[in-house]
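A.B. asks: I'd like to ask some things about the structure below.
The values are calculated or read from the model by the stated rules, or taken from the named source; none is laboratory data. Computed from a prediction, not measured in an experiment: that's the story for all the values here. Virtual Cβ from ideal backbone geometry, glycine too; neighbours counted across all protein chains shown.
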Amino acid sequence: MNKFFEIPGLNIYIQLAVTLISISIHLLAVHNKPRKESVVELITIYTIGLAGWFSIVNGIFGHILYADEVAVSIGWPLNSGFQMELAFASIGIGITGFIGFWNREFWLPFIIAKSSLMLGAGYTHIVHMLEHGNFSPGNAGVVLYWDFIFPILLAALYANYRFPR
């Protein structure tokens, strides 16, 4: 299992693949059929719902069950309470996003909470890079980029859904 944590950003790649495959399968299944959701809405449903699911999974596996492996990949100390706190925050935010599969009223709260967490994490990663020279695979690279790209993507999807042209 340790090899799993040596692939920087693997959870991000899996989330992207599962989300794109799910959206594609849904759109192919309803191709040339009347549907109640627009394409933008379907993309937003899957992006938020699956981001919620992956946040729950990452909280449980990444910050509870394999907390030490994740800490090492980020370049942070082992046996720290921050892992458990981050796990429960991720799980709570994830539940909000997962409910977004069925209830659009949960979208904006999820986007705000998830984006706050990710932007804060991205800022923290940069501080650790600059002040401590921490360029561990889980602190830099794709993980860092995703901390800023995903909140922008969520905001853009929501804006396109909420305020169509």
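A.B. asks: Kindly state which helices (runs of 4 or more DSSP H) lie completely within the stretch 1-77 and contain at least 3 residues that are at negative phi and modelled with pLDDT of 95 or more.
C.D. replies: 10-29, 39-57
A.B. asks: Can we say ALA156 is in a helix (DSSP H, G or I) and crowded, with 17+ Cβ neighbours inside 10 Å?
C.D. replies: Judged against the criteria, ALA156 is not a match.
A.B. asks: Hey, another quick one. Is there a residue in the stretch 120-130 that is in a loop (DSSP other than H, G, I, E, B), modelled with pLDDT of 90 or more, among the small types (Gly, Ala, Ser) and farther than 24 Å from SER38 by Cα?
C.D. replies: no
A.B. asks: I'm checking my understanding of the structure. Among residues of the stretch 133-153 that are in a helix (DSSP H, G or I) and free of Cβ contacts under 8 Å to residues at least 12 places away in the same chain, which one is surrounded by the fewest Cβ atoms within 10 Å (Cβ to Cβ)? Can you show your working first?
C.D. replies: Within the stretch 133-153, the subset in a helix (DSSP H, G or I) is 142-153.
Next, from what is left, pick out any that are free of Cβ contacts under 8 Å to residues at least 12 places away in the same chain: 145, 149, 152.
Details: TYR145: 13, ILE149: 14, ILE152: 11.
Residue satisfying both the conditions and the ranking: ILE152.
A.B. asks: Return a yes/no flag: does the stretch 83-101 have any residue that is surrounded by fewer than 19 Cβ atoms within 10 Å (Cβ to Cβ), at pLDDT 90 or above and not in a helix (DSSP H, G or I).
C.D. replies: yes
Yes or no, residue by residue, for (1) out of contact with any Gly (no Cβ under 8 Å at 6 or more places or on another chain); (2) surrounded by 14 or more Cβ atoms within 10 Å (Cβ to Cβ); (3) of a type in the set (Ser, Thr, Tyr):
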position	(1), (2), (3)
ASN11	no, yes, no
GLN15	yes, yes, no
VAL18	yes, yes, no
ILE21	yes, no, no
PRO34	yes, no, no
GLU37	yes, no, no
LEU42	yes, yes, no
ILE45	no, yes, no
GLY52	no, yes, no
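A.B. asks: Pick out the one residue from SER73, SER24 that is over 30 Å from SER136 (Cα atoms) and small (Gly, Ala, Ser).
C.D. replies: Working: SER73 fails: over 30 Å from SER136 (Cα atoms).
Every option except SER24 fails the conditions.
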